[in-house]
Protein chains: 2
Amino acid sequence: MSENRQVIIASLPTGALAASDFEVRAAPMPEPGEGEVLCKTLAITIGAGQRAGLQGSASYAGAPETGRVMGGSAVATVIASNSPDVAVGTLVSAFTGWQEHAAVAAQSVHVLPAGTDPATALGVFGTNGITAYFGLLAVGRPTAGETVVVSAAAGSVGHIVGQIAKIEGCRVVGIAGSADKCRMLTDELGFDAAVDYHDPDFRTAFKDATPDRIGVYFDNTGGPVLESALFRMATGGRIVCCGVVSQYDTSSPGPGPRGVPGLLVNNRVRMQGFLVFDYADRYDEARARMGSWIADGSLQPRTTEFQGIEEAPRAFVELLNGRTVGTTIVNF
Amino acid sequence: MSENRQVIIASLPTGALAASDFEVRAAPMPEPGEGEVLCKTLAITIGAGQRAGLQGSASYAGAPETGRVMGGSAVATVIASNSPDVAVGTLVSAFTGWQEHAAVAAQSVHVLPAGTDPATALGVFGTNGITAYFGLLAVGRPTAGETVVVSAAAGSVGHIVGQIAKIEGCRVVGIAGSADKCRMLTDELGFDAAVDYHDPDFRTAFKDATPDRIGVYFDNTGGPVLESALFRMATGGRIVCCGVVSQYDTSSPGPGPRGVPGLLVNNRVRMQGFLVFDYADRYDEARARMGSWIADGSLQPRTTEFQGIEEAPRAFVELLNGRTVGTTIVNF
């Protein structure tokens, strides 16, 4: 165990991301410094937003660089510690990046209860689930009976958003990219309706699915789907701007949606961007409430899991091409 | 006085509005029905948003129609009354449309104190001023020290917005369409800076004028100016969507602004449309506070006045082409 394996950014994608934009390479085992712990990665999660991180200044995560380990969140076991605060053997979530071992500041890790399922910690209790929780409840603020629409509805954030909206008593409509995903949303996760945006009759189907127009539109996609939703907003509606997945995997983002700002004025619509980190002091609240919903069966988190560090690049490509469901996890 | 004169919508404009899209015609003097009053118009106001009303379903004001009297707000004297609530001789504001006489429901008029200046009632104390007040204070919610940017800053709403923002202790930057207007904003109305969007160096000048980025952007224009502002918003900034004057005087609206929704997410920006009517129960508050600011000299409303009903179409065209300042008034 004197060697580490890492996924390196080999080239910055100029169009759609390819697995060949990454390389798996061997590297020396990292040595934890003063106040650091050595983490052995058990699993990582991959989110579509990380594609934005490869676009340079377009992202809040800073400019990317080739030759560096791909960034990302993991669940890991501490196998060496230079900190009195974190003992060897502790299970943690940590920003290790895509590598088997990482030395990170003990202060930066989040200790998990022993026995926590990595996929749960990285999915519903990780950034994805917490983003869904605060984006819907704190930003969108739906009331019972309102129609909530979510795009990328089968994705890591979307499938949680829709289920929380159902728990809140809303009519829930998902927008997803295949008939199979739509079936999963309605038949397995309790969505009232789901519409495939690849369907040539999408506009008609979307209109039919939102007879009372839209109280809250939770937008993970931007682009044409956002534009369609803008034309269906109810008076006083809210658009939660969470992500722009339609614009990530390209070097030539499209124009902005028509209807901005005219339709916002006519229908008194609030459109609000947010980042989950703004709610960091309330994460425990989110985990506690979602935990109770999981316990009573009203919230069913989903994951798509890949096996082995060398699968991480392919998992990312699959995710960006809409071929995963729920949170994308790579078990190391 | 047995004849009335009216401005009729002669044709729905297909490109830029022309005065010839209207006709002044004679009509029989209206007879007030039960519960109605007969108003003699003293002055009307024209707002850029009324151009949207000629675009059909694009507007909240309903679909337009040729052959009808052009709609609009007026200050008028009641010259006949079939209502015990409104006596002959009362000064009122009323939705008479562009005509010398109109029979309107007594319940729909707003009684004004005798001696009120029509231009003040239609401008700062009318829809324009009240829109500025609530759009800035209730929707934008600036705090002292923040930078407030307003577009169409020399216009009916914009010049009030900027002055209220100064009163609130903000740094105020106006965007306007000529060097003369920019000079008026800084030299006469106390704006900290003003930028001419026709200036070929607009982007640089705008950046230089907003060194701390933008806390509140009050948008009267949409289009490219909105797009420029989106790229200058501070974290947690608010965009008040009040009007879309860049898209009114055309049959081919442009695409939406780039940066929606990506920049809203990255900078946690709230973008909110509103209509002043949502604040109808607080109009008195707005008039009282703005009245005190006018009295102490901190708020200076401006108007551009035209004389005679037959000038109304030309006044509208001048307004849409950026050749008026403050509230546009036509005295009958």
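The values are calculated or read from the model by the stated rules, or taken from the named source; none is laboratory data. What you see is a predicted model, and the numbers here were worked out from it, not measured in a lab. No Cβ is skipped: glycine too gets one built from the backbone with ideal geometry, and neighbour counts run over all protein chains shown.
For the residues B:251, B:246, the requirement of being of a type in the set (S, T, N, Q) and farther than 23 Å from residue B:128 by Cβ singles out B:251. Restricting attention to segment A:169-218, the residues being more than 20 Å from residue A:322 (Cα to Cα) and of a type in the set (S, T, N, Q) number 2.
In this structure, is residue B:193 hydrophobic (A, V, I, L, M, F, W, C), surrounded by fewer than 22 Cβ atoms within 10 Å (Cβ to Cβ) and under 30 Å from residue A:246 (Cβ atoms)? The answer is no for residue B:193.
Name the one entry in B:130, B:175, B:164 that is in contact with a Ser or Thr (Cβ under 6 Å, 6 or more places away or on another chain) and among the aliphatic types (A, V, I, L, M).
B:175
Screening residue B:327 on (1) over 19 Å from the mean Cα position of the chain (by Cα); (2) buried (at least 23 other Cβ atoms within 10 Å of the Cβ); (3) not assigned by TED's automatic domain parsing to the domain that holds residue B:156 shows it passes everything except condition (1). For segment B:166-190, filtered to residues that are out of contact with any strand residue (DSSP E or B) (no Cβ under 9 Å at 6 or more places or on another chain) and not charged (D, E, K, R), the residue that is surrounded by the most Cβ atoms within 10 Å (Cβ to Cβ) is B:167. Within segment B:254-270, being more than 7 Å from chain A (Cβ to nearest Cβ) and modelled with pLDDT under 90 holds for one residue alone: B:254.
Given A:251, A:228, which one is at pLDDT below 95 and more than 9 Å from chain B (Cβ to nearest Cβ)?
Values: A:228 fails: at pLDDT below 95.
Answer to the check: A:251.
Looking at segment A:258-304, which of its residues are more than 24 Å from the chain's Cα centre (by Cα), not basic (Lys, Arg) and not in a helix (DSSP H, G or I)? First the steps, then the outcome.
Step one: of segment A:258-304, the residues more than 24 Å from the chain's Cα centre (by Cα) are A:258-269.
Subsequent filtering for residues that are not basic (Lys, Arg) retains A:259-267, A:269.
Answer for segment A:258-304, where residues must be more than 24 Å from the chain's Cα centre (by Cα), not basic (Lys, Arg) and not in a helix (DSSP H, G or I): A:259, A:260, A:261, A:267, A:269.
Here residue B:254 does not fit the description of being at positive phi and without any contact (Cβ under 8 Å) to a residue 40 or more places away in the chain. Condition (residue is touching a Leu at 6+ places or on another chain (Cβ under 9 Å), surrounded by fewer than 17 Cβ atoms within 10 Å (Cβ to Cβ) and either touching a residue at least 60 places away in the same chain (Cβ under 8 Å) or assigned by TED's automatic domain parsing to the domain that holds residue B:185 (or both)) applied to segment B:260-273: is it met by at least one residue? No: zero hits. Checking the structure you have, find out if any residue of segment A:243-257 is crowded, with 22+ Cβ neighbours inside 10 Å, of a type in the set (A, V, I, L, M) and either outside any helix (DSSP H, G or I) or not assigned by TED's automatic domain parsing to the domain that holds residue A:118 (or both). Yes; the residues of segment A:243-257 include at least one that is crowded, with 22+ Cβ neighbours inside 10 Å, of a type in the set (A, V, I, L, M) and either outside any helix (DSSP H, G or I) or not assigned by TED's automatic domain parsing to the domain that holds residue A:118 (or both). The residues of segment A:232-248 that are β-branched (Val, Ile, Thr) and within 7 Å of chain B (Cβ to nearest Cβ) amount to a single one, A:244. Just one of the listed residues (B:297, B:308) is loosely packed, with under 15 Cβ neighbours inside 10 Å, more than 14 Å from chain A (Cβ to nearest Cβ) and touching a residue at least 24 places away in the same chain (Cβ under 8 Å), and it is B:308.
Among the residues of segment A:179-197, are any within 11 Å of chain B (Cβ to nearest Cβ) and of a type in the set (Gly, Ala, Ser)? Looking through segment A:179-197, none of the residues is within 11 Å of chain B (Cβ to nearest Cβ) and of a type in the set (Gly, Ala, Ser).
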